[in-house]
1. Restricting attention to the range 308-338, report how many residues are buried (at least 24 other Cβ atoms within 10 Å of the Cβ) and without any contact (Cβ under 8 Å) to a residue 40 or more places away in the chain.
2. Give the range 52-87 a look and list any residue that's surrounded by 21 or more Cβ atoms within 10 Å (Cβ to Cβ) and either acidic (Asp, Glu) or part of a loop (DSSP other than H, G, I, E, B) (or both), or say none.
3. Against the definition (over 26 Å from the mean Cα position of the chain (by Cα) and either over 12 Å from Arg17 (Cβ atoms) or surrounded by fewer than 19 Cβ atoms within 10 Å (Cβ to Cβ) (or both)), how does Ala91 come out, yes or no?
4. Check Ile213 against each of (1) free of Cβ contacts under 8 Å to residues at least 40 places away in the same chain; (2) over 17 Å from the mean Cα position of the chain (by Cα); (3) surrounded by fewer than 18 Cβ atoms within 10 Å (Cβ to Cβ) and name the one condition it does not meet.
5. Restricting attention to the range 208-237, report how many residues are hydroxyl-bearing (Ser, Thr, Tyr) and touching a Ser or Thr at 6+ places or on another chain (Cβ under 8 Å).
6. Would you pick out the residues in the range 99-130 that are surrounded by fewer than 16 Cβ atoms within 10 Å (Cβ to Cβ) and in a loop (DSSP other than H, G, I, E, B)?
7. Do you know which of the residues in the range 184-195 that are modelled with pLDDT of 95 or more and not in a strand (DSSP E or B) is surrounded by the fewest Cβ atoms within 10 Å (Cβ to Cβ)?
Amino acid sequence: MITITDYNFKGKKAIIRVDFNVPLDKLTFNVLDDKRIRAALPTIKYILGNGGAVILISHFGRPKNGPEQQYSLKNILPCISDLVDLPVQFAMDCIGDEAIRHSKSLQPGEVLLLENVRFHKEETAGSIEFAQKLSSLGDCFVNDAFGAAHRAHASTTQIASFFPADKMMGFLMKAEIENAQKVLTYGKKPFAAIIGGAKVSDKILIVENLLSIADHIIIGGGMAYTFIKALGGNIGNSICEVERIPICLAIIEKAKLNGVQIHLPIDSVIADEFSPTAKRTNCLSNQIPDGWMGLDIGEKSSREFENVLSKSMTILWNGPMGVFEMESFSEGTKSMASAVASATKNGSFSLIGGGDSAAAVLKFGFENEVSYISTGGGALLEYFEGKELPGITALAS
């Protein structure tokens, strides 16, 4: 695979697959978080600075019936122009006459944004014909959309086949893989993984994969209560996937065999309903009364988890400890963010696994105090599950 720094972009039109699926204000359509756009700037500016022109392609949301105003990339055009510091051109479609006309007239140093590729059902179907139409607009292909690398879609995977000698990953994609490898392959011991979120079913594969490389696995969030029930605890009305109890027990047994310590929350902040204004109190996680549910880890759990992290040299965090969006149930997740930041300051390598974990780190003001924040929640999760990411494989084949 060629690298972006070895390629001669002079006079070339580079198609860059980016992930500009950013949140918008529902009324004004203004960008609420431009992190994913800023993350692609090094690749965009490098190509422009080396004599190339840039054609940006991205998905945006999940439109169901063709073009929809709320999912138009035109909504984020002003934000992109501001960040690139250039007047970015826009084509009202990603294929067809207008896209062809814009791309043909594009000059070195200029940027063209194409309309949402998901306005065509052929994108998610992985249509080779659709990929060919996209590929005809440029001279080379750069995939910098790590957040979409786990999707075998036309613009992430099939398009690469039309550039056998002119395809490469961008700086963001490269950074994502290198930082993941710092955990998976080169992580210093002790290695602690913090795994949270609502459901065991969403995280089974990553937990199973981590059993062969981690020293400590901290389990929080709603998924913890299935483990606690599996061990015979009373969890009241807490979320529980009863059908996953056997796999939880199997994970606990395998962890013992592998010498991996599984840490479950000792205590929980519980509530009488799923509401920010619910009555709440603290109790042991295995003694939650009927009619009450665990919505955050308690202070004892936070202290135990913080102690584990303070002694760890490598930390992976994927998933919150509770319903951190509600202020009443945010302290557990905040304590983890603080503990990860402290460990990082003392020399640990910390990787924040995108999605809710990244949102929590940003919310609590620790974004500059951790080693790396991934832009790809689902993609990073699958990478740590040991799955092949089609968007990366396509660049190597």
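The values are calculated or read from the model by the stated rules, or taken from the named source; none is laboratory data. Being a predicted model, the structure only gives us computed values, none of them experimental. Don't worry about glycine lacking a Cβ; one is built from the backbone with ideal geometry, like all the others, and counts go over all protein chains shown.
1. Counting residues in the range 308-338 that are buried (at least 24 other Cβ atoms within 10 Å of the Cβ) and without any contact (Cβ under 8 Å) to a residue 40 or more places away in the chain gives 2.
2. Listed by number, the residues that qualify are Gly52, Ser58, His59, Phe60.
3. On the way: over 26 Å from the mean Cα position of the chain (by Cα): yes; either over 12 Å from Arg17 (Cβ atoms) or surrounded by fewer than 19 Cβ atoms within 10 Å (Cβ to Cβ) (or both): yes.
Yes: the conditions hold for Ala91.
4. Status for Ile213: all satisfied but (3).
5. Filtering the range 208-237 down to residues hydroxyl-bearing (Ser, Thr, Tyr) leaves 212, 225-226.
Okay, now just the ones that are also touching a Ser or Thr at 6+ places or on another chain (Cβ under 8 Å), so 225.
Within the range 208-237, residues that are hydroxyl-bearing (Ser, Thr, Tyr) and touching a Ser or Thr at 6+ places or on another chain (Cβ under 8 Å) number 1.
6. Within the range 99-130, Gln107, Gly109 meet the criteria.
7. Of everything passing the filter in the range 184-195, Lys189 is surrounded by the fewest Cβ atoms within 10 Å (Cβ to Cβ).
Every residue, every condition in (1) acidic (Asp, Glu); (2) over 22 Å from the mean Cα position of the chain (by Cα), yes or no:
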residue: Leu284; (1), (2): no, yes
residue: Glu304; (1), (2): yes, yes
residue: Pro320; (1), (2): no, no
residue: Glu331; (1), (2): yes, yes
residue: Ala339; (1), (2): no, no
residue: Ile352; (1), (2): no, no
residue: Gly355; (1), (2): no, no
